1. With respect to the numbered conditions (1) in contact with a helix residue (DSSP H, G or I) (Cβ under 8 Å, 6 or more places away or on another chain); (2) facing another protein chain (nearest Cβ under 9 Å); (3) not in a helix (DSSP H, G or I), which one is the sole condition not fulfilled by residue A:112?
2. Mind telling me which of the residues B:332, B:387 ends up being away from chain A (no Cβ under 12 Å) and within 30 Å of residue B:209 (Cβ to Cβ)?
3. Considering only segment B:115-124, how many residues are more than 8 Å from ligand 1 (Cβ to nearest atom) and surrounded by fewer than 18 Cβ atoms within 10 Å (Cβ to Cβ)?
4. Considering only residues that are in contact (Cβ under 8 Å) with a residue 12 or more places away in the chain and farther than 29 Å from residue A:39 by Cβ, which ones fall in segment A:147-180?
5. Name the single residue, out of those in segment B:88-111 being within 14 Å of chain A (Cβ to nearest Cβ) and surrounded by fewer than 17 Cβ atoms within 10 Å (Cβ to Cβ), that is nearest to ligand 1 (Cβ to nearest atom).
6. Hey, among the residues in segment B:58-76 that are surrounded by fewer than 20 Cβ atoms within 10 Å (Cβ to Cβ) and either closer than 16 Å to residue B:149 by Cβ or more than 14 Å from chain A (Cβ to nearest Cβ) (or both), which one's farthest from ligand 1 (Cβ to nearest atom)?
7. Taking segment B:198-221 as the region of interest, how many residues are farther than 22 Å from residue A:79 by Cβ and either within 16 Å of ligand 1 (Cβ to nearest atom) or touching a helix residue (DSSP H, G or I) at 6+ places or on another chain (Cβ under 8 Å) (or both)?
8. Could you figure out which of (1) in a loop (DSSP other than H, G, I, E, B); (2) within 13 Å of ligand 1 (Cβ to nearest atom) isn't true of residue B:85?
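The values are calculated or read from the model by the stated rules, or taken from the named source; none is laboratory data. Everything numeric here is computed off the predicted structure, so don't read it as measured data. Positions of Cβ are backbone-derived with ideal geometry, glycine not excepted, and every protein chain shown enters the neighbour counts.
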Ligand code: FES
Ligand SMILES: [Fe+2]
């Protein structure tokens with residue numbers, strides 16, 4: 001029942017997705033960094049609060065509320081890592097193919113699948129997750145309303161009756177934007193520290 | 001390779017179980033134990049993986065002389081390298097001195113391989129070139145330098161895919177692919193410039209036996225209805241009738257199989273609703289210019305007759321080979337992901353399921369595109385692929401979550417004696433106008449091609465091939 005009405009909106013979503021120009025440069029342009037936002041300053045605290053609230057939404061599977069904290073021009077990616085020798089000039093961070101390469105529409109689609117479908121067998125029963133976000137460092141950027149924020153995330157995940165956790169760590173390169181006085185996520189690049197992912201899938205957002 | 005009768009019935013596990021007891025031809029059942037048996041796994045490494053042709057990647061991953069990637073052939077590590085003359089060599093990544101891994105990274109470019117342990121060096125084609133401290137002749141005086149090279153696999157390229165085998169005198173890759181090559185050509189060998197990888201593969205670990213994934217791709221269309229129901233709910237299955245589970249749209253197709261390989265040929269007409277021309281136009285090029293093959297631009301369509309026969313063009317126009325498996329452990333997906341609103345997104349992937357012991361495999365997922373396709377189209381194909389397939393795919397995450405449960409069950413004292421069933425056979429029923437060879441099954445996706453997969457596995461395990 002619940003799926004009937006939202007589907008129409010999804011169809012519109014697909015139409016939008018189809019008309020979009022999807023090409024993106026190899027690496028998202030690094031925002032030119034301005035002044036550092038000092039640890040413990042009011043703005044820093046606001047950023048830290050954003051991440052605390054975000055982790056709670058994600059861990060509580062309130063994904064549609066989380067989607068409301070994303071900007072509609074969201075770029076959400078997770079590069080791959082390819083092991084190379086230290087002296088190899090080629091970067092071990094790969095963006096030609098990634099683990100996520102999503103925009104607002106596709107992230108919304110993923111979020112709806114995880115929350116509205118009973119048949120999401122990858123996550124029904126869903127994993128219990130706990131996101132630990134730390135090492136937040138933030139800078140102003142050339143754009144007055146945008147902040148460049150680096151954070152570390154440790155995602156612990158326990159599934160079904162398994163006595164073990166699987167976990168993923170990543171460095172997150174974010175752009176947060178002030179929209180009507182509130183911070184929203186405009187860009188996230190999660191650089192996962194694994195080359196061969198030790199999980200059967202990573203549909204969980206980082 | 002007509003394995004004699006003695007050999008055929010000779011493969012027996014230490015507890016006296018024969019392969020024929022595990023794969024029961026009379027009743028079309030397979031003991032669940034096949035997924036969790038160390039002796040069987042060890043035998044498989046020798047009898048299947050050390051003898052079959054194995055897909056290791058694509059030559060576009062190593063375009064320049066000196067480029068190499070490291071991969072696995074069953075349980076053995078290998079180096080896939082391009083030499084200065086452009087040829088591709090596959091060498092066992094095991095130093096002939098004391099067994100160290102010679103190439104350490106996943107990818108790189110080098111003029112030669114130098115083992116870090118004692119410093120022996122090898123050319124890109126695996127030939128031994130020297131041991132440090134030449135004055136002391138540290139490679140001894142028993143073996144010639146020519147005998148100290150890295151062990152070489154036999155290599156054949158097909159459509160740029162690197163296939164390798166340890167069966168040096170065995171059947172050619174063409175013989176191995178058999179009647180499937182006709183169908184595979186319609187996907188991989190149909191354009192002037194061919195296909196390429198869009199980047200390195202996604203890699204992840206699934207705690208399941210490699211056969212669980214491989215047999216699914218041997219055309220288990222049936223599971224889509226239940227396991228991938230969420231994509232239907234989200235409206236991602238195309239025309240409205242395909243969204244109604246009662247129509248079973250998409251589950252009726254033509255499945256073809258030979259030598260354990262198989263492909264689902266999906267009736268392209270389901271996408272044609274909005275096209276201006278009649279679906280049944282006798283000239284396949286008319287339809288192909290309305291809806292180009294997956295990954296083709298309209299401008300590329302005139303290339304098709306140069307590479308494909310009329311029969312292959314008809315197939316591509318009406319019933320395009322779309323999803324399937326290459327025995328033993330590879331799979332392919334080449335489909336339009338229907339988008340509502342009349343748009344289609346092409347996507348093309350190759351998977352391999354590399355065994356890491358009996359209860360674990362590495363899932364390797366490459367995204368492919370036509371080399372000649374414009375960059376925007378390639379990028380769109382990759383993005384669509386990421387959304388549905390591989391590590392974060394909305395479709396394949398459901399599969400990867402399911403397989404470990406089967407694996408866990410295969411360990412149970414009672415469950416391992418239970419059988420998995422392939423008893424819903426359609427029987428061969430090739431349509432009279434079907435242009436290709438092999439065993440052909442038209443209709444609902446039943447168990448035939450998967451049962452053939454197990455028969456092929458049995459043939460390898462019992463030395464019948
Ligand atoms: S093991 Fe390679 S040089 Fe000794
Ligand atoms: Fe599946």
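1. (3)
2. One residue alone meets the criteria, B:332.
3. Count: 1.
4. Answer for segment A:147-180, where residues must be in contact (Cβ under 8 Å) with a residue 12 or more places away in the chain and farther than 29 Å from residue A:39 by Cβ: A:157, A:158, A:159, A:160, A:166.
5. Ranking the qualifying residues of segment B:88-111, first place goes to B:101.
6. Applying the filter and picking the extreme gives B:59.
7. 12
8. (2)
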